[in-house]
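Here the structure is laid out as structure tokens; the discussion comes afterwards.
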Amino acid sequence: ADEQLLVASEQDKRPNDWSPDGRFLAYSSVDPTTSFDLWMLPLDSNKKPFPFLKTAADEMWLSFSPDGRWVAYCSNASGAYQVYVRPFPGSGGKWQISMGGGQYPIWSRDGRELLFETPDRRVMTASYTAKDDSFAVGGPQVWSATRLRDLGADSNYDLAPEGRRLAAVLA
């Protein structure tokens, strides 16, 4: 099919993730007054984007859980980038996952772990359980002590489907 413009605005945008059911495209957008915000683009006939998180802090790098009920993202509301989880769609709680800073969250395909990168470029994992509107997370553990290369604003790794290996650019 021919290409088509999905979102028309003057602001810089960066795609983050597709919802598992293919109904939403999450993206980051830079607003001159609020900096980085998270938006959702419904891919139904309406295709009218709506803000998911728009605050004075930076919010970016959103990742949908395998069941699509949760999103992990990063925010610097605390002064440093940390990884958080919220329910999707709708309102509810917010759970902080990283403790010493974190970015680029990735959910394991089996729905049991959430991985993220630390400021010193190590990959951490946190086990979790989600039931109804409740999310419980275990303390993050080092998944790999091997340092990743800093690619600036882009993620540098992905988890293999079986969940035991990473593809990454090393330092």
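Of the numbered criteria (1) of a type in the set (A, V, I, L, M); (2) part of a loop (DSSP other than H, G, I, E, B); (3) open to solvent by less than 40 Å² (accessible area, probe 1.4 Å), the one residue 56 fails is (3).
Taken together, 64, 36 contain a single residue that is touching a Ser or Thr at 6+ places or on another chain (Cβ under 7 Å), open to solvent by 20 Å² or more (accessible area, probe 1.4 Å) and within 13 Å of residue 16 (Cβ to Cβ), which is 36.
In segment 75-90, the residues that are without any contact (Cβ under 8 Å) to a residue 12 or more places away in the chain form no Cβ pair under 6 Å with any partner that is buried (at least 19 other Cβ atoms within 10 Å of the Cβ) and in a strand (DSSP E or B), whether six or more places apart or across chains. Of the strands (runs of 3 or more DSSP E) lying entirely inside segment 73-151, those containing at least 1 residues that are of a type in the set (Lys, Arg) and surrounded by fewer than 16 Cβ atoms within 10 Å (Cβ to Cβ) are 123-131.
The values are calculated or read from the model by the stated rules, or taken from the named source; none is laboratory data. Predicted, not measured: the structure shown is a model, and the values here were computed from it. Neighbour counts run over all protein chains shown; Cβ positions are idealised from the backbone, glycine included. Protein only, heavy atoms only, side chains kept; ligands, DNA and RNA dropped before computing areas. Shrake-Rupley method; radii C 1.70, N 1.55, O 1.52, S 1.80 Å.
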